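Notes to accompany the following structure.
The values are calculated or read from the model by the stated rules, or taken from the named source; none is laboratory data. Quick caveat: nothing in here was measured; it's all calculated off a predicted structure. Here the Cβ is made from the backbone with ideal geometry for all residues, glycine too, and neighbour counts use every protein chain on show. What goes into the accessible areas is simple: the full protein's heavy atoms, side chains included, and nothing from ligands, DNA or RNA. Shrake-Rupley method; radii C 1.70, N 1.55, O 1.52, S 1.80 Å.
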Amino acid sequence: MAGEEAEKEIVKVDQVVGLEFDQNGKVNKIFLDPTNQKVVGTIKELDLYKALSITLTLEGGEVQRYDVDHDANYILEKSVQQIAPYDRCLESKSKWARFATMAAGATMNFVLAFVLFFIVGLAVGMPTGSNRLGGVVENSPAQVAGLVAGDQIISYNNHSVANWEELTQAISSTKDSTTVTYIRDGQTKTVELTPQISENGGQISTSIGVSTEYEKSLLSGFNYAVFKMKEAFVSIFQTFKMLFVTKEAGIDDLSGPVGIYTMTSTIATFGLTSLIIWIGFLSVNIGIMNLLPLPALDGGRIVFVLIEALIGRPIDRRVEGYVHMAGLLLFFGLFIYVTFNDVIRLINA
């Protein structure tokens, strides 16, 4: 399907072309290089959009009109390109078809992100939220006390524990030596341990070196993908809020291709899983950005479709084209500015 607006023809009035015809006498090939063609002339009139005709002034001065086949091709120097009649253009389609086409790109960004998150979810699993230990850090207080992965913690510091949230709250509630009661192989046991205390930025925290249990299944992969999609959406809209509402961030804080490349290179050092999650986040970001109701973006084009539906008639395509061109120029300016800032940050780093 051709673009939303009428295609700007490759050939123009006053251009010399050569023609070739099919068995029905219609033009099926338009040669930009007319050398060695039987019918050669200068274009006098041209409509390859609706009327599908071309009028030539032949070498002898005769003016001749020819019908053009619906599937005719331009014969370029190194390639062949089919003409784009009205019925092949997005403009000829229904409002719903145009809306669906314009939203398809962003939709595929979201689908890609979901698939990537789903793959990660299958690989690493989804936290069960239970009070069963998924792992124990080597030489941690938990390992020294004899705890192992699979132990089910039922009490910590004499506080009953039923899930992971209650366990983490209990761990953070005391800095002194305490007792831990757990179930292993159907037997209930109690051990003593001393939490590890650490300080970061004036914040004191306690830990015993344990991690939650993860479930690996199709359902957990799906749940993980849903969770990460929600997380990505929330993060992006929080950024919008910081930019336009609270003013906590400004245009100088945005990153362009250089900044994204630098960040991607850094994240890649953390491993394949982190890189896949980052790519998924970028895909969601691109999808949301493309749906913003701004000129030159799919979201801006969707706005024009909605306006057309409201007023009941098509908007002048030239006006729409000028609006999108202005938006495109503004985006190019923003792109250059953000890229410049990325380079400056890279040099300073």
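Some notes on this structure:
- Relative pair counts by distance (%), Cα atoms of segment 178-324, 5 Å bins: 2, 6, 8, 11, 12, 12, 13, 11, 7, 5, 4, 3, 2, 2, 1, 1
- With a 1.4 Å probe rolled over the protein heavy atoms of all chains, the accessible area of 269, 55 falls in the order 269, 55, largest first.
- For the chain, carbon and sulfur atoms together expose 59% of the accessible surface, with a 1.4 angstrom probe and every protein chain in place.
- Accessible area per residue, Å², segment 143-291 with all protein chains present, probe 1.4 Å: 61
- Taking one quarter of the surface of the convex hull spanned by the alpha-carbon atoms of segment 216-303 gives a direction-averaged projected area of 7.6 nm².
- The long axis of helix 218-244 is offset from the longest Cα principal axis of the chain by roughly 70 degrees.
- Using heavy atoms of the protein chains and a probe of 1.4 Å, the accessible area assigned to residue 319 is about 70 Å².
- Per residue, segment 1-115 exposes 58 Å² of accessible surface when a 1.4 Å probe is rolled over the protein heavy atoms with every protein chain present.
- Degrees separating the helix 317-348 axis from the principal Cα axis of the chain, which is the longest one: 40
- Relative to the longest principal axis of the Cα atoms of the chain, the long axis of helix 272-290 makes an angle of roughly 50 degrees.
- Loop-located trypsin sites (Lys or Arg not before Pro) across segment 12-112 with a Cβ neighbour count of 13 or fewer within 10 Å are 12, 38, 50, 78, with loop assigned by DSSP.
- Longest exposed-site-free window of the chain, the sites being GluC sites (Glu not before Pro) in a DSSP loop that have at most 16 other C-beta atoms within 10 Å: 139-247
- The relative contact order of segment 11-159, computed from alpha carbon pairs under 8 Å that lie at least 6 residues apart in sequence, is 14 percent.
- Cα-based values for the chain, radius of gyration first and Dmax second, are 32.3, 107 Å.
- Computed over Cα pairs, the Kirkwood radius of segment 56-157 leads via Stokes-Einstein (1.567 mPa s, 4 °C) to a diffusion coefficient of 60 µm² per second.
- Out-of-range pairs (alpha-carbon distance over 25 Å; input 12/78; 29/78; 95/228; 12/95): 95/228; 12/95
- Area of residue 67 that stays accessible when all protein chains are in place (1.4 Å probe, Å², to 10): 70
- Relative contact order [Cα under 8 Å, 6+ residues apart], segment 276-339, whole percent: 26
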